[in-house]
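One structure is given below, encoded as C-alpha cells.
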Amino acid sequence: MYPDALLQWEDFKQHNAIRLLDNYRHRLPCFNDDIQGTAAVVSAGILAALQHRGEKLSEQRLVLLGSGAAVSASPGSSGNHSLGSASELEARLAVTMLDSQGLIFEGRDGVQDDKRPFARTSDELSSLGFEPSDRYDLETVVRHVAPRS
C-alpha cells in the first residue's frame, strides 16, 4: 500500500526492538532510534575522528563499554560492514565490546544472541595476551587491548 514508506519507532524494549527489526527490515525500510540512531551517531563520530586523523578503522583498537541494543547496528556488526572502507572482519577486530557482565567472548555464559557476533574468539584472546578466565572486567580489557587515543 505504501511502498516508499519508512517505519520508524522508538522506545521499544531492547529485545522487542531487535526482533521487530529482524522481522521487518527485509520487507520495508525500518528505523529504530535506540538501535540505528545510537549506532549512527557512534559510527559518525568514529568516521569523523578517523578522517581527521587520516587513519583507517583497521588500524584502531576501540573498546566499547555498554553494548546494549545499539550493538546490532554498531561498527563491526553484521549488516554494518561498510563502515568507511573497512571490511566486516576489520571492523569486528578493531572493536572490543563489554556489557554489564564484562568482555563479550566465546564460551562466556549468558551472552545474548545479538551480542554473539562480537564475541572474541579464544585465538583472539590469546593474541591479545589474555589468560583463561570466566570474566574480564574493563580494567583488564583496556590493559590487554591497549586502545589508542
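Ranked highest first by the average count of other Cβ atoms within 10 Å around their residues, in what order do 31-38, 43-50 fall?
Per-residue mean Cβ counts within 10 Å order the peptides as 31-38, 43-50.
Within the stretch 30-62, name every residue whose backbone N is under 14 Å away from a label modeled 7 Å from Cα of LEU128 along the Cβ vector.
60-62
Please compute the net charge surrounding GLN101, taking Lys and Arg as +1 and Asp and Glu as -1 over other residues with Cβ under 9 Å from its Cβ.
0
Within 13 Å, Cβ to Cβ, of GLY37, how many net charges do the neighbouring residues add up to if Lys/Arg are +1 and Asp/Glu are -1? Display every interim value, and only then the final one.
Numbers: positive: none; negative: GLU10, ASP11, ASP33, ASP34.
Taking every Cβ under 13 Å from that of GLY37, the sum is -4.
Could you list which residues have their amide H under 5 Å from that of VAL95, counting only those 5 or more apart in sequence or on another chain, with H placed in the peptide plane?
Amide H neighbours of VAL95, under 5 Å, 5+ apart: LEU62.
Just so you know, all these numbers are worked out from the coordinates, no wet-lab data involved. Since the model is a prediction, treat every value here as computed from it, not as a measurement. Positions of Cβ are backbone-derived with ideal geometry, glycine not excepted, and every protein chain shown enters the neighbour counts.
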